[in-house]
Structure formats: structure tokens, C-alpha cells
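Engineer: Handing you a structure now.
The values are calculated or read from the model by the stated rules, or taken from the named source; none is laboratory data. Since the structure is predicted, the reported quantities are computational estimates derived from the model, not experimental observations. As a convention, Cβ positions derive from the backbone with ideal geometry for all residues, glycine included, and neighbour counts pool all protein chains shown. Note: accessible area is taken over every heavy atom of the protein model, side chains too, but ligands, DNA and RNA are not part of it. Shrake-Rupley method; radii C 1.70, N 1.55, O 1.52, S 1.80 Å.
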Amino acid sequence: MEGTNCEVKQDNPLLCSSGGAETVEAPQPLIAPPRIRHELKYIVPERYADEIREYLQVFCEPDSFAQGEPPVYTVSTLQLDTPALSLHFAKERKQVNRFKLRVRTYGEEPAGTVFFEVKRKEENYVRKTRSRVAVADYGPHCFGESPMVPRFKTEAEAMNHYEFLRLYRSLGALPMAHIRYERESWIGNPDTSVRITMDRRIRYRRAKDFSLHGLSKLPWRSMDTQVALRRPFAGFVLEMKCSLEVPTWILYLVRKYNLERSGFCKYSTAMRLESLFLGDTYTAGSERCFG
């Protein structure tokens, strides 16, 4: 985008990379994505998946960056936080304005591009900025005292990267967790600013360093169980992302299945589960930890 280069929940894995290499541009949407978006999340029993998918095909098309039927790709995220887990607890305490720092890749193994992202929750809306670094250029040197900064295609993307580094340095952030899941993705037609996703096989493991997910030997722990989802059923995470006006057909879908909006956060869920393994307990009304 012009000016801010703000990408809000646009998780296409084949956006342009950095470092001067040849790149693949994402196709231009018929309707330009908005600068901010609603994010509506729901925990849904798997038995509704086929019906919901059939309904979505009336208003959406398969994401061109996904493969198979249904259209799926793998998302892997390295979450950064302070030693005191300040970003995690900002979510737990429902601070109105908060953000997350993360490094994201797509596919079974890291390939192509690594995305440095700052995801902000600003009152009722979500805003995301990102910069792109080639996998070949990624490593601990990207986070050192004098971090390696590649040449970006635009000044706006360079500013996004420097903002990531500024927050990382000011917080004294460290790698905390790897999050990984399979994302079924649908794009609105004709309004391509609408995206509907279904996340399954959600799992995490603690991060030892800045290496990407393929280099760790720690086991994955599931996050789509009854305990993790805090529901009487295991299921998937249905997420609807749209501009300032929620389409009527989305509201109908919510009413039809009596869906209850959830504030499910993969990173905070991972931290909550990890603390349970360590013996912490919780109040009945919140996820706040009392060790």
C-alpha cells in the first residue's frame, strides 16, 4: 500500500521477498484491501466443517496460495516476548491497545521468504505491518546489536522493519514459542478484502533460539483440544476477516450455527498450556495465572 505499507491480516505466502532476488508478486485484488480490519474468531465443532465449506463456496473462492481440496497451507510462527511475558499478559488482561511481535514462514519447511510482523490490536480493529527477508538472509544476525538489514523494495517496508527492530530492542524481547497449524483459506468473490480461514492441527513448542521451526527437536503440543480451546469439544478455529462493514452473508453464517465470538489467541493459549504443565492454576473466569 502507498504510504504506510500496512498489511492487515494478509497472510499470502508468496509476496515479494527481499535481498534483490527475483520475486513473485501477489495478484492485484479486484477491491483494494482496507488499512484496518475486523477479526471475528469462533471455535467450531468439526462436524459443521463440511456445511460451512459448502456455504462459503457461494461467496468465496479457494485461496490461490493454498493447495488441495480443501485449500490448505502450513503456517509457522516464532513468537517473541519479554522475559516477563508482557505481550502475553497484555492479551490476558485485555488491554485495549496491544501488539505482538512475530516471525512467520509458510510451508512444511522454511523456504522463500521470512516475514517480520508487528500485529496491533487497536480497540475493535486489527492492523498488521510486515517486512520480508529472504530465508537465505535470515539468522541470529538479524537480531544482534548491529542487525543485518537487507535492502527493501520500498521505503515503507524498510520503515516497517525498523519499527519491528525498535520494539524488539526496547522490550528486550526473546524467542518464546513456535506456533504451527494448517490453514484452510477462502477469499471473497468479488470482494477480495474478505478472507475466511479454518485453522486445524494447531500446536506449539517452546523456542530455544531464533532458528525457524524446522531446526528444533522439541516435540509439538496440541492446542485444538478441549482443554486448550476451553470448550466441551475439540474443534477448529474459524476466522472471518473483513473491512469495516461485515457482509450480511457472514452475519447469517454466525446466526445459523449460533456461533459465539471468541478471543482465542494461539500464542497466549500456548503460554497458558505451558504454565499448566508447570503446575500453575487459573481462576474460573479468566486465563490469568496464579502460580
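Engineer: How many residues does segment 260-274 hold that are closer than 18 Å to Lys121 by Cβ, open to solvent by 20 Å² or more (accessible area, probe 1.4 Å) and not in a loop (DSSP other than H, G, I, E, B)?
Structural biologist: Within segment 260-274, residues that are closer than 18 Å to Lys121 by Cβ, open to solvent by 20 Å² or more (accessible area, probe 1.4 Å) and not in a loop (DSSP other than H, G, I, E, B) number 2.
Engineer: Would you mind stating whether Ala90 is in a loop (DSSP other than H, G, I, E, B) and either within 29 Å of Lys41 (Cα to Cα) or under 17 Å from the mean Cα position of the chain (by Cα) (or both)?
Structural biologist: Details: in a loop (DSSP other than H, G, I, E, B): no; either within 29 Å of Lys41 (Cα to Cα) or under 17 Å from the mean Cα position of the chain (by Cα) (or both): yes.
Judged against the criteria, Ala90 is not a match.
Engineer: Here is a further query. In segment 35-82, which strands (runs of 3 or more DSSP E) lie fully inside it and hold 1 or more residues that are within 17 Å of Tyr257 (Cα to Cα) and at pLDDT 95 or above?
Structural biologist: Here the list reads 38-45.
Engineer: State which residue pairs qualify: first residue closer than 13 Å to Tyr106 by Cβ and inside segment 55-71, second residue open to solvent by less than 60 Å² (accessible area, probe 1.4 Å) and assigned to a loop (DSSP other than H, G, I, E, B) in any location, beta carbons under 6 Å apart, and separation of 6 or more residues or different chains.
Structural biologist: That search, which allows pairs on different chains as well, returns Asp63/Pro71; Phe65/Asn12; Phe65/Pro13.
Engineer: Which one of these does Tyr73 not meet: (1) within 16 Å of Cys265 (Cα to Cα); (2) hydroxyl-bearing (Ser, Thr, Tyr); (3) in contact with an Asp or Glu (Cβ under 8 Å, 6 or more places away or on another chain)?
Structural biologist: (1)
Engineer: Being of a type in the set (D, E, K, R) and open to solvent by 80 Å² or more (accessible area, probe 1.4 Å) is the filter; apply it to segment 218-234 and report the residue that is nearest to the chain's Cα centre (by Cα). First the steps, then the outcome.
Structural biologist: The initial filter retains those residues of segment 218-234 that are of a type in the set (D, E, K, R), namely 221, 224, 230-231.
This time we only want the ones that are open to solvent by 80 Å² or more (accessible area, probe 1.4 Å), so: 221, 230.
Details: Arg221: 18, Arg230: 20 Å.
In this case the residue turns out to be Arg221.
Engineer: Being over 24 Å from the mean Cα position of the chain (by Cα), more than 30 Å from Leu85 (Cα to Cα), at pLDDT 90 or above and surrounded by fewer than 12 Cβ atoms within 10 Å (Cβ to Cβ) narrows it down to one of Tyr257, Tyr252, so name that one.
Structural biologist: Details: Tyr257 fails: surrounded by fewer than 12 Cβ atoms within 10 Å (Cβ to Cβ).
Going through Tyr257, Tyr252 in turn, the sole match is Tyr252.
Engineer: Just one of (1) in a strand (DSSP E or B); (2) farther than 30 Å from Pro247 by Cα trips up Ser211, so point out which.
Structural biologist: (1)
Engineer: Test each condition in (1) free of Cβ contacts under 8 Å to residues at least 60 places away in the same chain; (2) surrounded by fewer than 16 Cβ atoms within 10 Å (Cβ to Cβ); (3) not hydroxyl-bearing (Ser, Thr, Tyr) for Val246 and report the one that comes out false.
Structural biologist: So the condition that Val246 fails would be (1).
Engineer: Checking Lys153 against (1) open to solvent by 10 Å² or more (accessible area, probe 1.4 Å); (2) at pLDDT below 95; (3) out of contact with any Ser or Thr (no Cβ under 8 Å at 6 or more places or on another chain): exactly one of these is not met. Which one?
Structural biologist: (3)
Engineer: Another question about this same structure. Looking at segment 106-152, which of its residues are assigned to a loop (DSSP other than H, G, I, E, B) and among the aromatic types (Phe, Trp, Tyr)?
Structural biologist: Tyr138, Phe152
Engineer: If you don't mind, another one. Can you say whether Phe164 is farther than 30 Å from Gln67 by Cα, in contact (Cβ under 8 Å) with a residue 60 or more places away in the chain and open to solvent by less than 40 Å² (accessible area, probe 1.4 Å), as far as the supplied structure shows?
Structural biologist: yes
Residue-wise test of (1) open to solvent by 40 Å² or more (accessible area, probe 1.4 Å); (2) within 30 Å of Phe59 (Cβ to Cβ).
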{"site": "Glu123", "(1), (2)": "yes, yes"}
{"site": "Ser131", "(1), (2)": "no, no"}
{"site": "Cys142", "(1), (2)": "no, no"}
{"site": "Met159", "(1), (2)": "yes, no"}
{"site": "Arg205", "(1), (2)": "no, no"}
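Engineer: I'd like to check something: does segment 16-23 contain any residue that is at pLDDT 95 or above and in contact with a helix residue (DSSP H, G or I) (Cβ under 6 Å, 6 or more places away or on another chain)?
Structural biologist: No, segment 16-23 contains no residue that is at pLDDT 95 or above and in contact with a helix residue (DSSP H, G or I) (Cβ under 6 Å, 6 or more places away or on another chain).
Engineer: Report whether or not Phe99 is buried (at least 16 other Cβ atoms within 10 Å of the Cβ), part of a strand (DSSP E or B) and among the hydrophobic types (A, V, I, L, M, F, W, C).
Structural biologist: In short, yes.
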